[in-house]
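Everything below concerns the one structure shown next.
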Amino acid sequence: MLGFLTARQAGLDDPLRLRRAESTRRVLSLQLNHDRDVDRIHGNGINTIDIEVIEGRYMLSGGADGVIVIYDLENYTGKPQYTCKATCTVGRSNQHVHKFSVETVQWYPHDTGMFVSSSFDKTMKVWDTETLRPAEVFQFDGNVYCHHMSPIARKHSLIAVGTKNPKIQLCDLKSGSSIHVLQGHRAEILSVRWSPRYEHILATASADSRVKVWDVRRASGSLFTLDQHNGDKSKASSEAVNTAHNGRVNGLCFTGDGLYLLTTGTDDRMRLWNSATGENTLVNYGKVCNESRKGLKFTLSHGCSPEFVFVPCGSSVAVYALHTGELVTMLRGHYNSVDCCEFHPDYQELYSGGKDCNILAWVPVLRSPDTEEESKDAKKGAVGQSSVNPVFQDTWSSDED
């Protein structure tokens with residue numbers, strides 16, 4: 001690290017290199033923080049969490065009990081040990097509460113005064129944070145599995161919604177109605193994601209094993225369907241339909257620059273795709289355990305080199321290197337299956353929620369070079385702690401120079 005600081009001071013290095021190195025080191029040192037608790041409000045499993053990007057201070061959670069909670073992540077006590085308090089709760093006694101499981105919650109990307117939730121009660125609700133009342137309610141014919149708002153859109157205010165119906169619904173916040181339908185899938189839609197690079201590009205994943213990429217300005221159908229075999233018909237089945245996985249595709253996530261798209265499926269595979277061409281990059285992540293029948297909420301790091309993927313895997317969170325497929329570590333601490341995780345880019349922290357009704361905080365634990373060697377043995381066997389893959393040991397050590 002001293003080497004990076006010296007090079008930056010002398011003008012020999014790009015300042016971003018130091019930032020990337022520090023961000024990477026923080027991610028590689030993630031451990032379960034026993035001093036930070038998150039209020040336990042949910043009486044059933046936690047399906048989804050989201051951290052707003054305006055202040056990086058408030059976190060949403062939605063549970064299988066239909067309850068929605070807003071947490072304040074700031075530490076006002078000045079003490080290392082503190083609890084992230086629930087500031088607002090849409091509980092069972094609230095007349096506007098979802099009747100069944102909340103599957104997705106998301107902050108409005110440009111303002112913390114609004115958030116959106118969707119549920120198995122066949123509704124999607126747009127909430128006013130101040131009053132905790134729905135400003136708009138969208139009704140659908142089937143269970144709502146997922147929704148997503150574009151993080152960058154300026155020319156539209158569309159929410160993409162995936163339901164039990166194979167048609168993707170596009171709902172307009174301005175008009176309060178469903179204005180467009182995307183047709184092409186043959187089964188329920190389990191995940192939808194807008195590109196963080198182009199505001200009109202949308203990716204959708206379905207139980208029909210397919211992932212489609214759309215330009216919502218076009219009326220002629222999807223741009224392309226991802227093909228795990230990259231057009232090699234000798235490896236594909238006799239069917240002409242391109243498939244991304246050999247099972248239900250229940251997870252989607254774009255990289256921060258929008259150049260790549262990650263998918264997960266119930267075939268226990270995760271695949272990395274070129275989002276512009278739809279080409280399978282053939283990165284081998286090995287077996288990525290995936291038993292979820294619904295959407296799987298996984299996330300990526302930001303500002304690291306290399307970037308990392310955090311994927312719920314049983315009662316743990318698996319951490320992979322994005323472009324090599326190496327399993328870096330397993331974060332263990334939950335007592336039951338993990339259903340969702342969210343990365344906090346401001347502090348390189350991770351929050352995860354699961355069927356044990358807990359939200360756990362994983363934070364960087366940075367050690368001095370003198371204590372690094374002493375803690376290696378303890379780090380390998382400790383439950384809820386990271387053990388750094390040898391592939392990244394050189395990266396870790398070089399930061400201490």
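The table below lists the values:
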{"item": "Test: residue in region 230-237 that is closer than 25 Å to Pro151 by Cβ and in contact (Cβ under 8 Å) with a residue 40 or more places away in the chain", "result": "no"}
{"item": "Region 308-331 - residue that is out of contact with any Phe, Trp or Tyr (no Cβ under 9 Å at 6 or more places or on another chain) and buried (at least 17 other Cβ atoms within 10 Å of the Cβ) and, of those, farthest from Val283 (Cα to Cα)", "result": "Ser316"}
{"item": "In region 209-222, residue farthest from Leu282 (Cα to Cα) [restricted to those that are touching a residue at least 12 places away in the same chain (Cβ under 8 Å) and surrounded by fewer than 18 Cβ atoms within 10 Å (Cβ to Cβ)]", "result": "Arg217"}
{"item": "Any hit, region 249-265, residues being assigned to a loop (DSSP other than H, G, I, E, B) and over 17 Å from the mean Cα position of the chain (by Cα)", "result": "no"}
{"item": "Of all residues making up region 118-147, the number that are in contact with a Gly (Cβ under 7 Å, 6 or more places away or on another chain), touching a residue at least 24 places away in the same chain (Cβ under 8 Å) and farther than 18 Å from Ile168 by Cβ", "result": "2"}
{"item": "Selection status of Asp227, modelled with pLDDT under 95 and either more than 19 Å from Ile189 (Cβ to Cβ) or outside any strand (DSSP E or B) (or both)", "result": "no"}
{"item": "Residue check, Thr264 closer than 29 Å to His180 by Cβ and β-branched (Val, Ile, Thr)", "result": "yes"}
{"item": "Lone qualifier among Ala244, Ala205 - being out of contact with any His (no Cβ under 7 Å at 6 or more places or on another chain), among the small types (Gly, Ala, Ser), modelled with pLDDT of 95 or more and not in a loop (DSSP other than H, G, I, E, B)", "result": "Ala205"}
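The values are calculated or read from the model by the stated rules, or taken from the named source; none is laboratory data. Computed from a predicted model, the values in this text were never measured in an experiment. No Cβ is skipped: glycine too gets one built from the backbone with ideal geometry, and neighbour counts run over all protein chains shown.
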